[in-house]
Structures are given as C-alpha cells and as structure tokens.
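Report on one structure; see the data block that follows.
The values are calculated or read from the model by the stated rules, or taken from the named source; none is laboratory data. Source: prediction; values computed, not measured. Cβ atoms come from the backbone with ideal geometry, glycine included; neighbour counts cover every protein chain shown. In case anyone asks, the SASA skips ligands and DNA or RNA and just uses the protein heavy atoms, side chains included. Shrake-Rupley method; radii C 1.70, N 1.55, O 1.52, S 1.80 Å.
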Amino acid sequence: MLYPISTDSRVVMDLSGVWKFMIDDEVKEVDVNQPLPTGEPMAVPASFNDQAVSAEIRQHSGYVWYEREFTVAKALRDERLVLRFGSATHEAWVYVNGKLVAQHKGGFTPFEAEINEFLVPGANRLTVRVSNLLDYTALPVGNYSEKTDENGKIIRKVDENFDFFNYAGLHRPVKIYSTPVNYIEDITIVPNVDLAANKAEVQVSVKTGGNFDEVRVTILDEQGITIAQASGTDVNAVIENVHLWQPLNAYLYRAKVEGLNNGEVEDVYEEQFGVRKIEVKGGKFLINGEPFYFKGFGKHEDTHVRGRGLDEVYNVHDINLMKAMGANSFRTSHYPYSEEMMRLCDREGIVVIDETPAVGLMLSFTFDVSILEKGDFEDDTWEKLRTAEAHQQVIRELIDRDKNHACVVMWSIANEAATYSKGSYEYFEPLFNLARELDPQKRPCTYVGIMMATPKTDKCTDLVDVIALNRYYGWYVQHGDLKTAEEKTREELLEWQEKYPDKPIMYTEYGADTVAGFHSALGEPFSEEYQEDYYRMNSKVFDEIPNFVGEQLWNFADFQTKFGIMRVQGNKKGIFTRAREPKMVVRYLSERWNGIPNLGYKK
Ligand code: GCB
C-alpha cells in the first residue's frame, strides 16, 4: 500500500487537528446522521486516554466516537478521492455524511476508502466509531469480560495480556488524497545485488487502477540523475556502480512511476528505495555480505500525553539518541510502528526488525522451566486462542505496507508466544509460510522467544532464521544475583549455539527496572548501579559466544503499562526515562556500542 504523498498529479489533505470526541455509553444509540452530541475536544493523531483529564476516559473499555468536518475544493472533485487512516486502534467504523465508507479491525496498519460518491459540496461530516476492545480473537490478545450493572448498562473490561497500556484512538494521521481516475495503485521493488560486480538489478512491479496506454519507470539517484528508464508494469532496471544502503549510512534511490495516456502523464508517484542484500548464513546475519551486529533496542510508541499517537519530534529525537549511543537498530516491539517512523529509518540507516502485534499469545505463565521439560507439555493457549485469522491478516497488511523499506531486515512474527506448548508448531508453521510467500524481498523471519522457551522446551525454533531471545537472568530470575545470572546466561547461550550451529542468536530483550535517581553503594536492584552492573555482565557473556549477533535491550525508555503490583507509573526498564533523560547506564552502553563496528564484529 502506497504512502500518501503529493506529486504533480496528487494532492494530500491532512485532517490532523482538534476533533470532537465522546465515549459511547451504550445507553442511547448514536445517530450517525446527526452531528455528535458532544463538545469534548480531542487532538488527532494521538491516543485519547491521557488528553482528557478524566479517569473515565483514560480507563474506558468499549467504544468511542470522533468527528470533524472537512471540505474538498471544487478543483479536486473530479479526481479520485481517498480517505486514509494511518491507523485506528483497534477497530474502526468510518462514516462520511452518515454513510458507512470503511470498517477495519487491527490497530496498527493503515486502511482507506474511496469517498467520491459520499461527498457533498461545502462541509462534509466525518464520523468515526473506534473500539479499543481486545479478546482472544484479536492481536494483541486481551482478556475480555463484561457484566451488566444495576441500570442494565453493559460494563466491558479488557485486561491486557501484555505489558503496555492499552492506548487507543486515532493514533496516526487521517488524510484525504487525490489521484487521477486512472492511477498507480501499488509499487513493489525488489533489488537483487551482485556484490562482486558492484551492481544491482532492480525489479519494479506496478499495479494500476483504471487504464494506461503506458507505464514508465525511471530510476533516479540521490542527485536526481536518471540511472535507468523502462516501460511496462514489470521492469528490470540495472544499476551499475551501485551505491548500497548501509546501516547508518543510507543511500536512497527513487523509482518514479508514471502512468500515461495518449503520450501525456496522467498519474505519477515516487517511491524511495535502498539497495542492500540481507542473508543469514553460517550463524551470521549478513548485510551486504558482511556480518552485521545489532546494537539497540526494543521500544514502544509511547510518550507523555500523546500516548501511542504519532510524535515525529520524539521519533527524530529517539533516533538521534540512538545514533549518539552508537546504536544501529531497534525492533518495533510489539506492533507495527508508524509509516513515518519507517520512512525516517530508511533515511537514517536505522536497521529495523518489523514486528506484528502478535503479543500475549500465552495463557499460562511460570518461570519453573522444569515443568515444561517434563514430557509433552501442554497448556490451553492453542486451544483457547482464536487469533490465527487476525494473525494472517496482519502479516498480509504489514508486508503489504512495509515491503519496500530498506530499513526492514527481518520480520518478527510474534513476541513471547507459548512456543513451548503443544500445538504451537501447528499454529506457527502456516504463518511463517505465509510471510515467506508474501515478502517479495524474502527477508529472514523470526519470533521473539520467552524465557521458558529454552533449547529443551521450545517447539518452533526450526521455523526461524535467527534465534531471538528475551532473557531476564538477574531480574525476573536470580533477582539481585548477577553471579548466578551470568552462569545461567552463558549456559543457555552455549546450549543454543551447540544445538543450532547455523542459526545466528541475538537478544531482543534483556533489562532491569531502574528508578532514575535511585542510587545504591551496594548495587541493589532498582538502582542505577544495578542496571549498569546488569548490562556489563550481559555484555561480557555476549562477547564470548561466536554466533551471538546482536543485543537489543529492554527498553529504550520507561513506558506506561496497566496498573500492577510490579509497575510503578509503568515499566521502568528504560535506559532513558519517559522524558528521554539518560539513566547512568547510557554512558557505559554508549562507550561499548561506539566501540563495536556495525559490520565485521566477531569476523
Ligand atoms: C517481556 C515482554 C515485554 C515486557 C518485558 C518486561 O518479556 O516482551 O513486553 O515489558 O518482558 O519488562 O517484563
């Protein structure tokens, strides 16, 4: 799916701003043919939860309504007009002048609808009903319950089966863009690099709507110089002396795609792309033929007041903080991030592991691994969950959205699912097959494994290209005992390496809750000293393991979660506070990471 941009043939209108908002109390039916009976202001894009100073709004589980007016200039009315949501979390019903024009489930991927037939001259009313409900059919997975109060009103409740606050609303930009009636619908770009010959063959496939006599593809370099040009909806362009996209040293070409009728250009779209080669071979993760070492983070889209809403200021700032630390990568834990962030990462050379919102696929929890090691362990996760359909849909939508991004080097199909339980392989195998079939660039695939999924208990490792581990030795287990934690870390990593000598291993999470400003001469847990000791211990072990190809710690910054006895104002494993002030460990990690090359470490 193409990102909306203005070109010689296209106009984009941004509907960001202050909308009207109300909670649906489910007592009085909302009439979409009338303006919403509310004066409550709500800024878009953002989560609704923290904007209003209201516990009722913040903690609401159920449906909410948004509304605003818009006008389309007369000059555009004969164009094809598309209303597009960057995301609506988690499900949306969209009405234009009281008519349903779109419905979409899944809170982290875009959707759109043509709206010409619903428009009137002058003011048009755009009304959106949004649900933040999650259950066993949804991703992420929520524990859903409802009851009826003494007045007959339904009280719904979502208990997050995951460790981040269930922020919701219109999180990403809402736009109307125009295209001509004959238009470029989608572009797929696959660069095939010949490293030895220093050249690339770039396949560009174009999908169109309506009719064109001719489709013309032009490849331009960063200076705007034409490198190649060809006609057709499936073209192969050769780039000699190719300028590769490298980690932290991005180079972006542009594919200019034009649709022509009678020799005149009717529609034009430009898609940026990077040329790079990703391989997994002999226990290494190769970018452009060289071993890449992941240095970076698991993150969240999470900021003060905006919640999970797009915040480009924080996006730019976060990437600058990463670069200053010598980091080169992050994982979009635990859901697809905004398209704006993906475009920024392409530009900045930040390497991304792109994750689906499949989190919480685990209905029982224990740190006692010995139970899992006994025979054929089975909990009721794969009996009770009904997420397969949503999982397929999100893999389709994520790959469709992000397929051309140079920054994306691997797909993460899930975070911490019950891959130690019987039935997990049967659940995941078709999903891995689907991702591999759909991705035109055939990137590696993984899932991120929970602590209980060890070399002995995990049932799905055969499916992954890279073994990605979330580990908390020294925190959730061996709490405060870094000596034993070090032994356990080493023991487990060596076991993985021995069992799967060809698969690279990396950490996608490790961390310790740390209260900024809490110090301890004894290095007690929760102190800034403990956090630093914890990371030093882990680094030492990582450097001993030949196939260990990366460290992405948990978490970039403190973030909001549901209420819980282990959470004080949320999760404190950030190495930055939520306001992005560094904790003490940032100095140590900056020194370590600035000393580790992006390519060629552990040759
Ligand atoms: C995990 C989860 C992550 C949590 C983290 C923690 O394993 O993947 O979502 O926030 O642990 O801090 O407990």
- Search result, residues across segment 541-564 that are within 13 Å of the ligand (Cβ to nearest atom) and not acidic (Asp, Glu): Gln552, Leu553, Trp554, Asn555, Phe556, Ala557, Phe559, Gln560, Thr561, Lys562, Gly564
- Message: Can you go through Thr446, Thr457 and tell me which one is buried (at least 23 other Cβ atoms within 10 Å of the Cβ) and either within 14 Å of the ligand (Cβ to nearest atom) or more than 18 Å from Met566 (Cβ to Cβ) (or both)?
- Response: Thr446
- Task: Pull up segment 474-506, narrow it to residues that are in contact (Cβ under 8 Å) with a residue 40 or more places away in the chain and of a type in the set (Lys, Arg), then point me to the one that is nearest to Phe292 (Cα to Cα).
- Result: Lys503
- Would you check which residues across segment 303-325 are open to solvent by less than 10 Å² (accessible area, probe 1.4 Å) and either touching a Ser or Thr at 6+ places or on another chain (Cβ under 6 Å) or in a loop (DSSP other than H, G, I, E, B) (or both) and list them? Gly307, Arg308, Gly309, Met325
- Pick out the one residue from Gly122, Gly169 that is open to solvent by 10 Å² or more (accessible area, probe 1.4 Å), among the small types (Gly, Ala, Ser) and touching a residue at least 40 places away in the same chain (Cβ under 8 Å). Gly122
- Item | Residue among Lys28, Lys99 that alone is open to solvent by 30 Å² or more (accessible area, probe 1.4 Å) and more than 13 Å from Leu126 (Cα to Cα) | Lys28
- Message: Between Asp481, Asp513, Asp465, which is over 30 Å from Glu429 (Cβ atoms), in contact with a strand residue (DSSP E or B) (Cβ under 7 Å, 6 or more places away or on another chain) and of a type outside the set (Ser, Thr, Tyr)?
- Response: Asp513
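If I ask for residues that are under 14 Å from Glu339 (Cβ atoms), not in a loop (DSSP other than H, G, I, E, B) and not aliphatic (A, V, I, L, M), which ones from segment 1-16 would you list? Break it down into steps so the answer makes sense when it comes.
Just the residues of segment 1-16 that are under 14 Å from Glu339 (Cβ atoms), to begin with: 1-5, 12, 14.
If we keep only those that are not in a loop (DSSP other than H, G, I, E, B) as well, we get 12, 14.
Within segment 1-16, just Asp14 meets the criteria.
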- Query: Out of Ile371, Ile399, which single residue is within 30 Å of Leu2 (Cβ to Cβ) and away from the ligand (no atom under 16 Å from the Cβ)?
  - Reply: Ile399
- So which residues in segment 414-443 are open to solvent by less than 30 Å² (accessible area, probe 1.4 Å), over 16 Å from Phe162 (Cβ atoms) and touching a Ser or Thr at 6+ places or on another chain (Cβ under 6 Å), if there are any at all? Tyr420, Ser421
- Message: Return the residues of segment 347-401 that are over 27 Å from Asn328 (Cα atoms) and in contact with an Asp or Glu (Cβ under 7 Å, 6 or more places away or on another chain); say none if nothing qualifies.
- Response: Met362, Leu363, Ser364
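Checking the conditions here, which among Asn249, Asn198 is over 20 Å from Tyr3 (Cα atoms) and within 29 Å of the chain's Cα centre (by Cα)?
None of the other options fit; the residue is Asn249.
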- Task: Specify which of the listed residues (Ile399, Ile371) is within 19 Å of Gly86 (Cα to Cα), touching a Phe, Trp or Tyr at 6+ places or on another chain (Cβ under 9 Å) and assigned by TED's automatic domain parsing to the domain that holds Cys345.
- Result: Ile399
- Message: Against the condition more than 19 Å from Leu438 (Cα to Cα) and not hydrophobic (A, V, I, L, M, F, W, C), how does Gln229 come out, does it pass?
- Response: yes
- Inside segment 328-353, can you point out the residues that are touching a strand residue (DSSP E or B) at 6+ places or on another chain (Cβ under 9 Å), closer than 13 Å to Asp402 by Cβ and away from the ligand (no atom under 16 Å from the Cβ)? Met341, Met342, Arg343, Cys345, Asp346, Val352
- Item | Test result for Thr356, assigned by TED's automatic domain parsing to the domain that holds Tyr427, under 23 Å from Tyr420 (Cβ atoms) and either more than 12 Å from the chain's Cα centre (by Cα) or away from the ligand (no atom under 16 Å from the Cβ) (or both) | no
- Note on the structure: Checked against (1) under 28 Å from His300 (Cβ atoms); (2) touching a Ser or Thr at 6+ places or on another chain (Cβ under 6 Å), Asp513 satisfies every condition except (2)
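Just checking, does segment 108-123 include any residue being within 16 Å of the ligand (Cβ to nearest atom) and either in contact with a helix residue (DSSP H, G or I) (Cβ under 6 Å, 6 or more places away or on another chain) or under 18 Å from Glu397 (Cβ atoms) (or both)?
Yes; the residues of segment 108-123 include at least one that is within 16 Å of the ligand (Cβ to nearest atom) and either in contact with a helix residue (DSSP H, G or I) (Cβ under 6 Å, 6 or more places away or on another chain) or under 18 Å from Glu397 (Cβ atoms) (or both).
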- Message: Being away from the ligand (no atom under 16 Å from the Cβ), among the polar types (S, T, N, Q) and either in contact (Cβ under 8 Å) with a residue 40 or more places away in the chain or on the phi > 0 side of the Ramachandran plot (or both) is the requirement here; does Ser412 meet it?
- Response: no
- Could you please let me know if Glu532 is closer than 19 Å to Phe294 by Cβ, within 30 Å of the chain's Cα centre (by Cα) and not polar (S, T, N, Q)? no
- Query: Which number in (1) assigned to a strand (DSSP E or B); (2) open to solvent by 10 Å² or more (accessible area, probe 1.4 Å) marks the one condition that Ala196 misses?
  - Reply: (1)
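Okay, residues lined up against (1) in the same structural domain as Val316 (by TED's automatic domain parsing); (2) at pLDDT 95 or above; (3) of a type in the set (Ser, Thr, Tyr); (4) open to solvent by 60 Å² or more (accessible area, probe 1.4 Å):
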position	(1), (2), (3), (4)
Tyr473	yes, yes, yes, no
Lys499	yes, yes, no, yes
Met506	yes, yes, no, no
Phe526	yes, yes, no, yes
Glu532	yes, yes, no, no
Tyr535	yes, yes, yes, no
Lys540	yes, yes, no, yes
Asn547	yes, yes, no, no
Phe556	yes, yes, no, no
- Message: Given the condition within 16 Å of the ligand (Cβ to nearest atom) and more than 30 Å from Glu279 (Cα to Cα), answer yes or no: does some residue in segment 586-603 qualify?
- Response: no
